[in-house]
Amino acid sequence: MARTSVMPDLETEPIPLWGTGPDYDDIFRMSLMELKREGRYRVFQEHRRLVGEFPLSVAVSDKGERTVTVWCSNDYLNMGQHAEVRAAMKYAVDTFGAGAGGTRNISGNHSPIVALERELAALHGKEAALVFGCGYLANLATLATLGQLLPDCVIVSDELNHASMIQGIRASRAEKRVFMHNDLLHLEEILRSIPKSRCKVVAFESVYSMDGDIAPISDIVEICERYGAMAYLDEVHAVGMYGATGAGVAERDGIGSRVGLVQGTLAKAFGVIGGYIAGSAVMVDAIRSHANGFIFTSALPPPVAEAALASVRHLRVSESERAALHANVRKLRTLLREARIPFLDGPSHIVPVMVGDPVKCKAVSDLLIERHAIYVQPINYPTVPRGTERLRITTSPAHTDAMAEALVAALCECWRDLQLPLSGNGV
Ligand code: PLP
């Protein structure tokens, strides 16, 4: 029997993609229009990093290609291009192959990742460590699991904590209390109001990556001890960068052993990819055994683990990268201060140059790359609060004095052309 087709004639009739239901694309289009109207639609700058050329990179756009100086990389120490790191990755790819072949439980527990976890535990002076696909996942999965495993738990969170911690706390469904940023009195007030018998986790960061300030870790840990709370410290922007062996600010301040759980990334100063936690053997075993974000995902590939291992090992014994970076940060701050470019004058390696308007912030970034071959990505809401849009500037051991002078001269020109206010002493 011949069948009658209900399909439209493809030659003549346009097919409505969504049939007669809502116009989904239109909804997405409207959401994007809103971002564009607010001036915070994100445009990614394509560029080609070149080994040996850092911080120079080849920016790629419709207009063609040109070499630019990158001033916003999180590969703070250029370990992503380090000879030992590249050699380790090449060795592993030729020895073990490209992929892990499974989750950690099902055939993915390869030797480089086991060695990496041992190294990370040793770095932080902890009994054990656990590697995740990235730092975001390490926070999300661990906090979600802690809040589920610890009975009647309250998670007390710094108001400026990273989105990954906020999502983890939300996913845990534990009670959440928020303390004002780095405010010890407020933290103590909250902890005092929670019955002693309840489990409490205090989640905070060492280096806050958008403002560049550093938490009073030692005071926070002391308060945690007084109220029987576990300190959960995100050292994502500090590992590799601070402390005698690059274990972070807690190591620098001599209190690493009193931090219950430390979380870090392998993607910033260590220059590769991956996230981790380190803590007591039993806690790490519990997270390993219960965290969905660890159990139900494939392990990092052996070349990645091997490269990260080489990077961690190198930075545990080499101080020269850290010393050169911090010297360059000091020089950059001095130049900005002299030029009266407004910036947050903090204690870390992050230098936020404040613009305070999304459209102008993007305009400065555009001028920098178009006129001066300088690449700094504008940072806007929701990464930072509205009205505090900024250029988050990061230097490295490889940025020269001439590059820093060129950056500051270019910023001065942008400030003049866009009629932005200059400041006295930082913001
Ligand atoms: N924690 C903080 C404070 C971060 O700033 C970031 C990322 O920028 C993360 C965690 C996530 O780390 P990763 O990039 O390894 O996913």
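Here, each number is a calculation from the coordinates, and none is a lab measurement. Values in this document were obtained by computation on a predicted structure and should not be read as measured data. Using ideal geometry, Cβ is built from the backbone for each residue, glycine included, and neighbour counts are taken over all protein chains shown.
Can you give me the relative contact order of segment 335-387 as a percent, contacts being Cα pairs under 8 Å and 6 or more apart?
Relative CO of segment 335-387 lands at 24 percent.
Beyond 27 Å, how much of the Cα-Cα pair distribution for segment 98-222 remains, as a whole percent?
27 percent
Per the chain: cysteines with no other Cys C-beta under 4.7 angstrom?
Singleton cysteines: Cys72, Cys134, Cys224, Cys361, Cys412, Cys414.
Which of the trypsin sites (Lys or Arg not before Pro) found in segment 379-427 are in a DSSP loop and have at most 15 neighbouring Cβ atoms, other than their own, within 10 Å?
Arg386
Taking the beta-carbon count within 10 Å as an exposure proxy, list Val239, Val60, Val131 from fewest neighbours to most.
With the sparsest Cβ surroundings first, the list reads Val60, Val131, Val239.
Quickly estimate the mean residue ellipticity at 222 nm for the chain, helices only: each DSSP H run with n ≥ 4 gives -39500 (n - 2.57), and the total goes over all residues, rounded to 500.
-12500 deg cm²/dmol
Relative contact order for segment 173-281: what percent, with Cα pairs under 8 Å and sequence separation of 6 or more?
Here the relative contact order equals 19 percent.
Take every Cα pair under 8 Å in the chain that's 6+ residues apart, average their separations, divide by the length, and report that relative contact order as a whole percent.
20 percent
Rank His181, His124, His237 by mean-square fluctuation in a GNM of the chain with C-alpha springs under 10 angstrom and give only the top-ranked residue.
Highest fluctuation among the options: His181.
Find how much the distance from His181 to Gln167 grows on full extension, using 0.36 nm per residue of separation minus their present alpha carbon separation; answer in nm with one decimal.
3.3 nm
In square nanometres and to one decimal, what's the mean projected area of the convex hull around the Cα atoms of segment 286-363?
9.8 nm²
Using a Gaussian network model of the chain whose springs link C-alpha atoms within less than 10 Å, name the residue from Leu315, Leu77, Leu50 with the highest mean-square fluctuation.
Leu50
Please work out the Cα convex hull volume for the chain and give it in Å³ per residue.
Roughly 215 Å³ of hull volume per residue.
Using only the Cα atoms of segment 323-427, what are the Rg and Dmax in Å?
12.7, 36
Nearest-5 percent of antiparallel DSSP beta bridges in segment 149-232?
10 percent
Sum up the charges of everything whose Cβ sits under 12 Å from the Cβ of Lys36, counting Lys and Arg as +1 and Asp and Glu as -1, but leave Lys36 out.
So the surrounding residues net to +3.
For the chain, modelled as a Gaussian network with Cα springs under 10 Å, which listed residue fluctuates most, Ala122, Ala402, Ala229?
Ala402
What would the Debye equation give as log₁₀ I(q)/I(0) for segment 262-309 at q = 0.14, 0.23, 0.28 Å⁻¹, counting only Cα atoms as equal point scatterers?
Debye intensities relative to I(0), on a log10 scale: -0.39, -0.96, -1.11.
Take the alpha carbon gyration tensor of segment 59-157, find the square roots of its eigenvalues, order them as a ≥ b ≥ c, and report rounded if a/c is under 1.5; if not, report prolate when a/b exceeds b/c, else oblate.
In terms of gyration-tensor shape, oblate.
To check my understanding: the extent here is largest minus smallest coordinate of the Cα atoms along each principal axis. What are those three numbers for segment 168-222, in Å, largest first?
Computed over the Cα atoms, the extents are 34, 26, 15 Å.
Using the 2.2 N^0.38 Å rule of thumb for compact globular proteins, work out how segment 144-290 stacks up: its C-alpha Rg over that value, please.
0.98
Please identify the trypsin sites (Lys or Arg not before Pro) of segment 26-73 that satisfy two criteria: DSSP loop assignment and at most 14 other Cβ atoms within 10 Å. Which are they?
Those satisfying the criteria are Arg42, Lys63.
Within 10 Å of each candidate Cβ there may be at most 14 other Cβ atoms; applying that plus a DSSP loop requirement, which chymotrypsin sites (Phe, Trp or Tyr not before Pro) in segment 43-83 survive?
Taking segment 43-83 and a limit of 14 other Cβ atoms within 10 Å, the loop chymotrypsin sites (Phe, Trp or Tyr not before Pro) found are Phe44.
Could you sort out which of Lys176/Lys268; Lys176/Lys200; Lys268/Lys331; Lys36/Lys360 sit more than 19 Å apart by Cα distance in this structure?
Cα-Cα > 19 Å for Lys176/Lys268; Lys268/Lys331; rest within.
Counting Lys and Arg as +1 and Asp and Glu as -1, each charge on the Cβ, what is the dipole of the chain about the Cα centre in debye, to the nearest 20?
400 debye
Longest span of the chain, sites excluded, free of GluC sites (Glu not before Pro) in DSSP loop with at most 16 other C-beta atoms within 10 Å?
160-318
Regarding segment 235-325, what whole-number volume in Å³ per residue does the convex hull of its Cα atoms give?
Taking the convex hull of the Cα positions in segment 235-325, it is 96 Å³ per residue.
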